[in-house]
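Read-outs throughout are calculated quantities, based only on the coordinates presented, and are distinct from any laboratory measurement. The structure displayed is predicted, hence computed values, not measured ones. Don't worry about glycine lacking a Cβ; one is built from the backbone with ideal geometry, like all the others, and counts go over all protein chains shown.
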């Protein structure tokens, strides 16, 4: 039986008593992390006020629509460059009232201009124990190195590649792992636990600052 370890990098929240934190979620795929947020923090510690996708084909959009959340698509091909796309997306998210942006399977790089519009307010979930294996194909690279412990990191996004401050990490021992898809499947429950917990922590911290 494999062990699951969760390392809390900040104090745990004991619950929210103030107004929910308005958040936006950026997606590109199935939306399993979006669903985890909808099932756990939406309408409680946080309110998902907008879901933006990089593609019209993302099944995640339907999950948002079914819960009455505003959606929009910002396809890179519809804009002159990434900076223009990011500017339009940031403007829409701000009009929706978002104060925190959560990357949940968003398969696009964000420009520095976008990050400037949401200073220290963009977070991402990455399938490795950062700072090990940042960037693309982290599980494949870990397997190639003979890793037996795999993990998930929720971190703030900065201008580097997965170099922002770590919020939460979790790990799982998989001593006989050899297939990247199976490792990713084994890590999904950690993603679905850590990402909502990170949102709760940030919401609680914002309330303390505002108090």
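Helix 180-210 and the longest principal axis of the Cα set of the chain meet at an angle near 50°.
A Förster radius of 41 Å, combined with the Cβ-Cβ distance separating residue 132 from residue 209, puts the computed FRET efficiency at roughly 0.85. With the simple model of a label 7 Å out from the Cα in the direction of the Cβ, residue 57 to residue 30 spans 1.6 nm. The angle separating the long axis of helix 82-95 from the principal Cα axis of greatest extent in the chain is about 70 degrees.
I need the Kirkwood Rh of region 4-210: take the reciprocal of the average 1/r across all distinct C-alpha pairs and report it in angstrom.
Every distinct Cα pair counted, the radius reaches 17.3 Å.
When you count, for each residue, the other Cβ atoms within 10 Å and take the mean per peptide, how do 124-133, 43-52, 70-79 rank with the highest first?
Working: 124-133: 19.8, 43-52: 21.6, 70-79: 14.2.
Going from most to least packed, we get 43-52, 124-133, 70-79.
So what's the back-of-envelope 222 nm ellipticity for the chain, counting only DSSP H runs of four-plus at -39500 (n - 2.57) apiece and dividing by all residues, rounded to 500? Before the final figure, lay out each step's value.
Values: 6 runs with 74 residues, N = 211.
Taking each H run of at least 4 residues, the total per residue is -11000 deg cm²/dmol.
The stretch between residue 158 and residue 95 holds 20.4 nm of extra length on full extension. This uses 0.36 nm per residue minus the Cα-Cα distance. Using the Cβ-Cβ distance between residue 116 and residue 182 with R0 set to 45 Å, the FRET efficiency works out to roughly 0.70. Label-to-label distance for residue 76 and residue 144 is 2.2 nm, based on points extended 7 Å past Cα in the beta-carbon direction.
Only Cα pairs under 8 Å and 6+ residues apart enter the sum, and on that basis the relative contact order of the chain stands at 25 percent.
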